[in-house]
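Peer 1: Here you go, one structure.
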Amino acid sequence: MRNSHLKHLHVQREELEAKLELHIARYCFGEGDVEDGTEAELQQRITEISDEIAALESERGE
């Protein structure tokens, strides 16, 4: 159960990282609106998921 949850968290983090990269690229090329907090929200969620992954992996001894 934990293993599948851990895999799910890794996938979620990868998806959020991809969204963040796309958001930054759009902004750099002038396709994005004025900063609306999206970048900060994505970075915060990535950090939360990374912390959860680290906690689960430390419980498993990885």
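Peer 1: Somewhere in the range 19-26, is a residue at pLDDT 90 or above and among the small types (Gly, Ala, Ser)?
Peer 2: No, there is no match, as no residue in the range 19-26 is at pLDDT 90 or above and among the small types (Gly, Ala, Ser).
Peer 1: Something else: Quick one: which residue in GLU57, GLU35 is of a type outside the set (A, V, I, L, M), exposed (fewer than 14 other Cβ atoms within 10 Å of the Cβ) and touching a Phe, Trp or Tyr at 6+ places or on another chain (Cβ under 8 Å)?
Peer 2: None of the others qualify; the one that does is GLU35.
Peer 1: List the pairs whose first member sits in the range 1-22 and is under 15 Å from LEU42 (Cα atoms), whose second member is at pLDDT below 95 and in a helix (DSSP H, G or I), and whose Cβ atoms are under 8 Å apart, counting only residues at least 6 apart or on separate chains?
Peer 2: LEU9/LEU56; LEU20/GLU39
The values are calculated or read from the model by the stated rules, or taken from the named source; none is laboratory data. These numbers come from a predicted model, not from an experiment. Backbone-built Cβ (ideal geometry, glycine too); neighbour counts: all protein chains shown.
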